[in-house]
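Peer 1: Quick one: the structure is below, questions incoming.
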Amino acid sequence: MKFLKKPKKSLGQNFLIDKNIINKILKVGNINKNSTVIEIGPGYGNLTEHIISMNPKKIIAIEKDKELVSFLNEKFKNYKNIQIINSDILSLMRKKKFNSKNVVVFGNLPYNISTKILASFIMLDKWPPWYEILIFMFQKEVADRISAKSHTKEYGRLSILSNWRLEIKKHFDISKNCFVPKPKINSTLLSFKPKINKLFNLKNSKNLEMVTRVLFSNRRKMINKNFKKLFLNNKSAIQNLNINLSARPEELSCETYYKIAMQYEKLSD
Ligand code: SAH
């Protein structure tokens with residue numbers, strides 16, 4: 001593969017070159033002629049060109065690197081259904097209202113901000129959100145943390161936040177040899193579908209962030225002290241929740257954290 005210029009580490013530029021993997025990723029998206037596809041960080045358009053060939057209604061490709069945007073504009077100049085936006089996905093998530101239907105979001109994410117990007121898709125004000133499925137590639141270790149169950153060392157804030165509003169599915173690992181430049185570690189493809197029923201409805205998702213931040217501030221210690229700090233030693237709130245205060249943070253289930261966050265929100269109203 002020919003580069004316009006040296007890939008930028010700061011933008012997490014590792015380009016996917018393996019066609020088999022690209023096809024496997026696309027299958028997860030189930031794209032049809034009614035789909036709107038959003039691609040985060042299209043790079044040289046290796047995945048984008050396969051998406052286009054499936055003829056979706058629209059593709060919105062969001063790329064931060066200006067020179068790559070010029071390259072993509074040239075590469076796809078004959079297609080009417082693609083819009084290439086030169087922007088930072090994180091600032092776009094704060095500002096832009098996406099209001100299409102049947103939205104599939106793909107991203108071979110820049111690794112340095114991959115969890116921030118995922119969080120921005122979880123912490124939206126409106127739920128169910130405007131997208132139908134997210135198909136994101138992460139470093140394997142990060143993917144393991146996202147999909148971790150309680151009582152494991154990978155389990156933590158990331159698993160709890162993701163599982164709150166999203167159905168997480170692990171698809172397959174991708175060898176580092178499928179990228180140029182070759183990263184140090186392998187990747188994993190995950191997909192996420194918004195949960196709609198049986199949700200713990202918080203008014204402000206920041207409350208769950210807060211609760212998990214405080215309770216996970218020391219993984220090895222019992223939650224006792226931090227728990228009391230969180231509830232300002234409010235005995236009835238603590239009793240209502242009926243939680244074993246000598247547990248370690250990783251021993252509480254996701255649902256327990258959601259209940260704690262609901263109670264916390266009630267008190268801070
Ligand atoms: N999808 C491509 C490229 C993946 S590398 C492929 O698989 O070949 C990650 C891409 O994300 C790079 O093109 C990088 O420039 C872009 N990027 C990095 N930070 C970004 C941000 N904040 N917003 C949008 N794109 C970003």
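The values are calculated or read from the model by the stated rules, or taken from the named source; none is laboratory data. The model shown is predicted, which means the values in this text are computed figures rather than measured ones. In this analysis, Cβ positions are derived from the backbone assuming ideal geometry, glycine residues included, and neighbour counts consider all displayed protein chains. We work out accessible area using only protein heavy atoms, side chains counted, and drop any ligands, DNA or RNA first. Shrake-Rupley method; radii C 1.70, N 1.55, O 1.52, S 1.80 Å.
Peer 1: From Ser159, Ser191, Ser175, Ser147, which residue is more than 27 Å from Gln13 (Cβ to Cβ) and either assigned by TED's automatic domain parsing to the domain that holds Asn99 or of a type in the set (S, T, N, Q) (or both)?
Peer 2: Ser159
Peer 1: Look at the range 201-232 and say how many of its residues are basic (Lys, Arg) and assigned to a loop (DSSP other than H, G, I, E, B).
Peer 2: Within the range 201-232, residues that are basic (Lys, Arg) and assigned to a loop (DSSP other than H, G, I, E, B) number 4.
Peer 1: Would you check if there is a residue in the range 236-245 being under 26 Å from Leu118 (Cα atoms), touching a helix residue (DSSP H, G or I) at 6+ places or on another chain (Cβ under 7 Å) and not polar (S, T, N, Q)?
Peer 2: No: the range 236-245 contains no residue that is under 26 Å from Leu118 (Cα atoms), touching a helix residue (DSSP H, G or I) at 6+ places or on another chain (Cβ under 7 Å) and not polar (S, T, N, Q).
Peer 1: Evaluate the following for Thr48: is it of a type in the set (Val, Ile, Thr), assigned by TED's automatic domain parsing to the domain that holds Ser187, within 10 Å of the ligand (Cβ to nearest atom) and closer than 25 Å to Asp18 by Cα?
Peer 2: yes
Peer 1: Taking into account only those residues within the range 77-95 that are open to solvent by 80 Å² or more (accessible area, probe 1.4 Å) and not aromatic (Phe, Trp, Tyr), which is nearest to the chain's Cα centre (by Cα)?
Peer 2: Arg94
Peer 1: While we're looking at this one, here's another question. Within the range 51-65, is even one residue over 20 Å from Lys96 (Cβ atoms), more than 11 Å from the ligand (Cβ to nearest atom) and assigned to a loop (DSSP other than H, G, I, E, B)?
Peer 2: Yes.
Peer 1: Taking the range 2-36 only, how many residues are closer than 19 Å to Ser53 by Cβ and either out of contact with any Lys or Arg (no Cβ under 8 Å at 6 or more places or on another chain) or assigned to a loop (DSSP other than H, G, I, E, B) (or both)?
Peer 2: Adding up the residues that qualify gives 21.
Peer 1: Checking the conditions here, which among Glu74, Glu39 is within 13 Å of the ligand (Cβ to nearest atom) and either part of a helix (DSSP H, G or I) or buried (at least 18 other Cβ atoms within 10 Å of the Cβ) (or both)?
Peer 2: Glu39
Peer 1: Output the residues belonging to the range 151-200 that are assigned to a helix (DSSP H, G or I), touching a strand residue (DSSP E or B) at 6+ places or on another chain (Cβ under 9 Å), closer than 18 Å to Glu141 by Cβ and open to solvent by less than 30 Å² (accessible area, probe 1.4 Å).
Peer 2: Correct list: Ser159, Ser162, Cys178.
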